[in-house]
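The structure under discussion appears below in the form of structure tokens.
The values are calculated or read from the model by the stated rules, or taken from the named source; none is laboratory data. Remember, it's a predicted structure, so these values are computed and weren't measured experimentally. Cβ: placed from backbone, ideal geometry, glycine included. Neighbour counts: every protein chain shown.
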Amino acid sequence: MSESPPSPRPSVLPPPAPEHLAELYRQMFVIRRCEEEAARAYAQGKIGGFLHLYIGQEAVAVGACAALQPDDYVVTTYRDHGMAIAKGMSSKAMMAELYGKKTGCSKGLGGSMHMFDAATNMLGGYGIVGAHIPLAAGAAFASKYRNDGRVTLCFYGEGAVSIGGFHEGVSLAALWKLPIVFICENNEYSMGTPLSRSMSVEDTSLKALGYGVERDRFFADDVNLVEHRIAAAVKRAREESQPTVIEVRTYRFRGHSMSDPAKYRTSNEVEEQKRRDPLLLARRELVDALGEERVKAIDAEVEAEVADAVKFAEESPEPDASVLEPTTYDGPFAA
């Protein structure tokens, strides 16, 4: 079967209610500003280790999580800061975790690649490419076993599609008819390797055909479209207990991580992609719907929230020896 081009926003899709779009825009802007401040802190030596920024991909996390119920599960990759916020984690808890502080979501022990929050059913970011996909299938299996009506969203990059864990997870989900949606955030570069050099087909959703499950593919320029298309797959998972494989074409404006200068692509390419920035497109639509002053007020609220999160992270205490025993022997955060 031939590849299907990512579909644009269909003309039949109704525009979002202005207040709903305002909330989606607010979430995307919180993620964008948190990531920008995280990059600044990393350059200042306040954040160590790896740091994979989500700048440019915000519409995927925000749109997808908007299609969920609060008790649904999310499992994702190491590029997880934005996903954690979209799932309901506070910007304070996320930023403090990046700083390695005790007030972080994992008490500063997880860091950038391991955002986890049981209260919001954010089941974690994972650092091993593709290895989390069978774990997400396991979460969906548990939901089906308990008959609790929950859906699991599993996010991964296009580089994971060639990993055995991807095929194992999708195969089991298809065989056992699990309530899960597999979402490939195809940002066109597996680390620094373009699609043309890393995959035999550009459309990763074609992999669904080998397992007999539904598939979809579209661009993430419009957060409303992301919510609409993911919602259809979530509905299928919840009501029919059937998995779906989706490719969402997106683009990261920064390198793979803070250590990557991204010289494998031209400045013209990046600038062309920035003209399709989903955050800016949502802002323009919101200005048309609610007016410039209302949007400026939202921007100001976000700036204050992010500044407060950075201050909270910088002023929070480091983890001390008291966390060692409960996190090593008694399970996470038993103390």
## Note on the structure
Those residues of region 144-175 that are closer than 18 Å to Lys87 by Cα and of a type in the set (S, T, N, Q) come to a total of 1
### Query
With respect to the numbered conditions (1) more than 18 Å from the chain's Cα centre (by Cα); (2) modelled with pLDDT of 95 or more, which one is the sole condition not fulfilled by Ile163?
(2)
### Task
State yes or no: is Ala233 more than 22 Å from Phe29 (Cα to Cα) and among the aliphatic types (A, V, I, L, M)?
yes
### Query
Of these, Tyr99, Tyr73, which one is touching a helix residue (DSSP H, G or I) at 6+ places or on another chain (Cβ under 6 Å), of a type in the set (Phe, Trp, Tyr) and over 25 Å from Gly138 (Cβ atoms)?
Tyr99
### Query
Regarding Lys311, is this residue within 30 Å of Thr193 (Cα to Cα) and either surrounded by fewer than 18 Cβ atoms within 10 Å (Cβ to Cβ) or touching a Pro at 6+ places or on another chain (Cβ under 8 Å) (or both)?
no
### Pick from region 199-213, criterion out of contact with any Asp or Glu (no Cβ under 8 Å at 6 or more places or on another chain) and not small (Gly, Ala, Ser), ranking: surrounded by the fewest Cβ atoms within 10 Å (Cβ to Cβ)
Leu209
### Message
Taking the condition of being surrounded by 23 or more Cβ atoms within 10 Å (Cβ to Cβ) and either under 22 Å from Glu35 (Cα atoms) or charged (D, E, K, R) (or both), how many residues in region 230-250 meet it?
### Response
3
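Condition check ((1) in contact with a His (Cβ under 8 Å, 6 or more places away or on another chain); (2) β-branched (Val, Ile, Thr)) across all residues:
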| position | (1), (2) |
| --- | --- |
| Pro70 | no, no |
| Ile85 | no, yes |
| Gly88 | no, no |
| Asp117 | no, no |
| Thr120 | no, yes |
| Gly124 | yes, no |
| Ala137 | no, no |
| Ala140 | no, no |
### Task
Name the single residue, out of those in region 126-150 being without any contact (Cβ under 8 Å) to a residue 24 or more places away in the chain and touching a Gly at 6+ places or on another chain (Cβ under 9 Å), that is farthest from Thr204 (Cα to Cα).
Gly138
### Task
Only one of these is under 21 Å from Arg217 (Cβ atoms), modelled with pLDDT of 85 or more and surrounded by 12 or more Cβ atoms within 10 Å (Cβ to Cβ): Gln57, Gln27. Name it.
Gln57
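Here are some residues: Leu172, Leu153. Which one is free of Cβ contacts under 8 Å to residues at least 40 places away in the same chain and under 21 Å from Thr76 (Cβ atoms)?
None of the other options fit; the residue is Leu172.
Return the total of residues in region 46-65 being over 12 Å from the mean Cα position of the chain (by Cα) and either among the small types (Gly, Ala, Ser) or closer than 23 Å to Ser143 by Cβ (or both).
2
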#### Entry: Index of the failed condition, Ala173 passing every other in (1) farther than 26 Å from Glu58 by Cβ; (2) of a type in the set (A, V, I, L, M, F, W, C); (3) touching a Lys or Arg at 6+ places or on another chain (Cβ under 6 Å)
(3)
#### Entry: Hits in region 94-137 (condition: of a type in the set (A, V, I, L, M) and buried (at least 24 other Cβ atoms within 10 Å of the Cβ))
Met94, Met95, Ala96, Leu98, Met115, Met122, Ile133, Ala136, Ala137
### Message
So Ala334 passes all but one of these: (1) among the hydrophobic types (A, V, I, L, M, F, W, C); (2) modelled with pLDDT of 85 or more; (3) surrounded by fewer than 12 Cβ atoms within 10 Å (Cβ to Cβ); (4) farther than 13 Å from Leu109 by Cα. Which condition number does it fail?
### Response
(2)
### Message
Scan region 243-264 and tell me whether some residue there is in a helix (DSSP H, G or I) and either within 19 Å of the chain's Cα centre (by Cα) or at negative phi (or both).
### Response
no
### Query
Hey, among Gly63, Gly48, Gly82, which residue is at pLDDT below 95 and either aliphatic (A, V, I, L, M) or on the phi < 0 side of the Ramachandran plot (or both)?
Gly48
### Query
Is there a residue in region 295-305 that is in contact (Cβ under 8 Å) with a residue 24 or more places away in the chain, hydrophobic (A, V, I, L, M, F, W, C), under 20 Å from Ala61 (Cβ atoms) and surrounded by 15 or more Cβ atoms within 10 Å (Cβ to Cβ)?
yes
